[in-house]
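The next block holds one structure in the form of structure tokens; read it before the comments.
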Amino acid sequence: MTVHLSRHTVRHTSGRRRTTLYALSLLCVSALVTALPAGAAPGPGPAGHPAAPHPAAAPSAVTFSDDFDGPAGSAVDGGRWQIETGDNVNNHERQFYTAGNSNAALDGQGNLVITARKENPADYQCWYGTCQYTSARLNTSGRFTTAYGHVEARMKVPRGQGMWPAFWMLGDDIGSVGWPNSGEIDVMENVGFEPGTVHGTLHGPGYSGSGGIGAGYTLPGGAAFADDFHTFAVDWAPDSVTWSVDGTVYQRRTPADLGGKQWVFNKPFFLILNLAVGGYWPGDPDGNTTFPQRLVVDYVRVTTG
């Protein structure tokens, strides 16, 4: 059975100021996490004694992993993912999310490919009339949830005006408390008009839509995220979420960032991957947008410990 969990918000414009929805951009980055450089040793102890060794770190446990291995054209593993179907009026997205492997399939080389096409093979109807595009959206609701851990995906995003790929999480209690009380953690969102920038955002009661709390990360040297694979991750702990791209931390959020509003991120969430076409935040495709466009996912992994 497929479930359509629509996004109830309009997402933010990013990179310059916070105005329209689902991610936003605070160009100022808050509270970066510091650590010893790789390979660095702790300083000497008092009176010339060697420093006490750090206690051994507890081994990490992989609680969810999908490397998307399988024959080309295969559907995703139904034991890990369910496929949502339908349209999304809430963000004024233009695509119809299809079932099966029509728009989400393995490529036979260890990747999941979510493909957005300008087509309507089955007379799909959307909020605006006859649908113009198809794509796919997957989630782990009912299969896997996690509270805390290192959540990451290695992906290559699509390119072009109107493209809107995302890797994100929703509180598992959304069915009973609704959105935004469920909470939402956007690990990565990209909009086509910002090819070199991604966004990480928290949404919750009193800070949803254009009021979400987050920041953007821009690749150096004018590079575009569609040019190569990148690893997008959060390190999530009680009262803390920290975002990184390719291991570089670019923001950390705690209850102190919410101005007294409720922190709703100390509970289980499930994972979501999707490629939207159009909407309030990215805008619609234009004459320069080519199709098909693809979100290529090398792996998704969650570790704890």
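Remarks
- For R159, the accessible surface of its heavy atoms amounts to roughly 120 Å² (probe 1.4 Å, protein chains only, rounded to the nearest 10).
- K261-S176 pseudo-label distance in nm [points 7 Å out on the Cα-to-Cβ vector]: 2.4
- Estimated at 0.36 nm per residue, the fully extended path between D246 and T304 surpasses their Cα-Cα distance by 19.0 nm.
- Prolate/oblate/rounded call for the range 128-201, Cα gyration tensor, a/c under 1.5 rounded: oblate
- FRET efficiency estimate (nearest 0.05) - Cβ-Cβ, D227 to A99, R0 25 angstrom: 0.20
- Evaluated at q = 0.27, 0.29 Å⁻¹: base-10 log I(q)/I(0), Debye formula over Cα of the range 170-217: -0.93, -1.00
- Expressed to the nearest 5 percent, the antiparallel share of DSSP beta bridges inside the range 81-143 is 75 percent.
- Charged-residue dipole, Cβ positions (Lys, Arg, Asp, Glu), the range 71-185 about Cα centre, Debye nearest 20: 360
- Those trypsin sites (Lys or Arg not before Pro) in the range 252-287 that DSSP places in a loop and that have at most 14 other beta carbons within 10 Å: K261
- Relative contact order %, the range 177-305, counting alpha carbon pairs below 8 Å whose residues are six or more apart: 18
- For the range 179-305, Kirkwood radius (reciprocal of mean inverse C-alpha pair distance, Å): 16.0
The values are calculated or read from the model by the stated rules, or taken from the named source; none is laboratory data. Bear in mind the structure is a predicted one, so any value in this text is a computation, not a measurement. Ideal geometry is used to build each Cβ from the backbone, glycine not excepted, and the neighbour counts take in all protein chains shown. To get the accessible areas, we keep the full protein, side chains included, count just its heavy atoms, and leave off ligands, DNA and RNA. Shrake-Rupley method; radii C 1.70, N 1.55, O 1.52, S 1.80 Å.
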